[in-house]
Amino acid sequence: MFVAGCLCATAIGANCQTADLKTTLAGISHRGRELYAYDQAATKGTDAIFALKPSTKGLTHYICIHTPKGWRVIFPKWNEAHTSVEVAYDAVETSPGKYQAHKFDPPKAGDKQLQTAASALELAIRDFTQPKRPYNTAILPAPGGNYYVYLYPGQIKANTWPIGGDTRYTISSDGQKIIDKRPLHKSILDAQAQPGSNEVAGYHFHVVTTLPEDTDVLYVLTRKPPMPEYIGIEDTMKPAEMKKFFLINRNGSIVTATEKDIPANSQKK
């Protein structure tokens with residue numbers, strides 16, 4: 001009876017761990033998809049704004065806000081005392097993927113939500129040591145009314161898709177305190193499809209974290225041509241047969257995998 005009870009407890013524990021992992025992977029997938037939506041809004045909205053040939057004097061970093069009617073991309077501008085923000089330019093999503101830009105002269109007063117988000121974004125940017133290359137930013141809701149602020153490399157060459165060198169901050173709900181700083185990857189890798197290679201997937205290893213990251217999902221959803229990405233967890237304390245692998249599908253969903261699942265004609269980073 002005692003042995004049977006132990007076996008039952010072990011089975012329950014394993015099932016709980018499996019359920020917890022599925023929940024964790026689903027959360028990463030969800031955040032990655034949200035990050036991709038933000039990134040697409042930023043790209044298209046800022047393109048619409050820059051088509052107006054705006055004056056960039058005093059403008060801060062763009063902020064994207066998702067509304068019931070679609071995305072709104074804003075370039076806030078702080079007043080001289082740095083106590084409030086104004087909106088000099090914005091772009092509103094009029095239909096999926098289509099944006100109409102506006103110039104406000106004089107600028108319109110920004111609301112509390114925009115000011116707090118601008119503060120949170122500035123706080124993370126000040127703390128982050130940015131490599132000498134273009135970087136993108138994103139700010140998304142985090143649990144407890146806090147903010148996730150992402151800093152990740154932008155493209156520097158057409159048809160080349162960067163991954164790595166990124167960090168996710170958790171900023172307090174008032175935009176004034178860094179609660180957590182999570183480096184997601186180390187080196188920046190600029191992946192490019194090789195003509196004639198017939199690649200069907202990509203793969204890379206993590207040495208900073210033990211799970212796929214939100215920006216891995218962003219990478220899969222962004223790169224062209226689309227292909228899944230395998231992620232191996234580099235753990236020098238474990239034998240090779242115990243290493244973990246994950247697969248991010250082209251739709252951003254994540255499942256566990258094995259090294260044997262990785263196709264031979266995959267792009268290694």
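Residue by residue, here is whether (1) basic (Lys, Arg); (2) open to solvent by 10 Å² or more (accessible area, probe 1.4 Å); (3) touching a Lys or Arg at 6+ places or on another chain (Cβ under 9 Å) holds:
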position: 104; (1), (2), (3): no, yes, no
position: 110; (1), (2), (3): no, yes, yes
position: 116; (1), (2), (3): no, yes, no
position: 126; (1), (2), (3): yes, yes, no
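In segment 172-269, counting only strands (runs of 3 or more DSSP E) that sit wholly within it, the ones holding 3 or more residues that are under 21 Å from the mean Cα position of the chain (by Cα) and farther than 20 Å from residue 155 by Cβ span 178-183, 201-206, 229-233, 245-248, 254-257.
Among the residues of segment 125-143, those identified as closer than 17 Å to residue 34 by Cβ and out of contact with any Asp or Glu (no Cβ under 8 Å at 6 or more places or on another chain) are 137, 139, 141, 142, 143. Please state which one of 250, 223 is within 24 Å of residue 197 (Cα to Cα) and modelled with pLDDT under 95. On inspection, the qualifying residue turns out to be 223. Is it fair to say residue 266 is over 20 Å from residue 31 (Cα atoms) and open to solvent by less than 50 Å² (accessible area, probe 1.4 Å)? It is true that residue 266 is over 20 Å from residue 31 (Cα atoms) and open to solvent by less than 50 Å² (accessible area, probe 1.4 Å). Tell me, please, whether a residue that is surrounded by 13 or more Cβ atoms within 10 Å (Cβ to Cβ), at pLDDT 90 or above and more than 25 Å from residue 108 (Cα to Cα) can be found in segment 14-22. Checked segment 14-22: at least one residue is surrounded by 13 or more Cβ atoms within 10 Å (Cβ to Cβ), at pLDDT 90 or above and more than 25 Å from residue 108 (Cα to Cα). On the stretch given as segment 173-201, residues that are open to solvent by less than 30 Å² (accessible area, probe 1.4 Å) and touching a residue at least 40 places away in the same chain (Cβ under 8 Å) total 3. Residues that are touching a Phe, Trp or Tyr at 6+ places or on another chain (Cβ under 8 Å), open to solvent by 30 Å² or more (accessible area, probe 1.4 Å) and free of Cβ contacts under 8 Å to residues at least 60 places away in the same chain within segment 129-146 comprise 135, 141, listed in sequence order.
The residue that is modelled with the lowest pLDDT, among those in segment 154-172 that are hydrophobic (A, V, I, L, M, F, W, C) and open to solvent by 70 Å² or more (accessible area, probe 1.4 Å), is 158. Of the residues 77, 57, the single one that is without any contact (Cβ under 8 Å) to a residue 60 or more places away in the chain and open to solvent by 70 Å² or more (accessible area, probe 1.4 Å) is 57. Inclusion of residue 140 among residues that are over 26 Å from residue 85 (Cα atoms), modelled with pLDDT of 95 or more and either within 18 Å of the chain's Cα centre (by Cα) or not hydroxyl-bearing (Ser, Thr, Tyr) (or both) is not warranted.
The values are calculated or read from the model by the stated rules, or taken from the named source; none is laboratory data. Because the structure is predicted, anything quoted here is derived from the model rather than measured. Cβ atoms come from the backbone with ideal geometry, glycine included; neighbour counts cover every protein chain shown. To get the accessible areas, we keep the full protein, side chains included, count just its heavy atoms, and leave off ligands, DNA and RNA. Shrake-Rupley method; radii C 1.70, N 1.55, O 1.52, S 1.80 Å.
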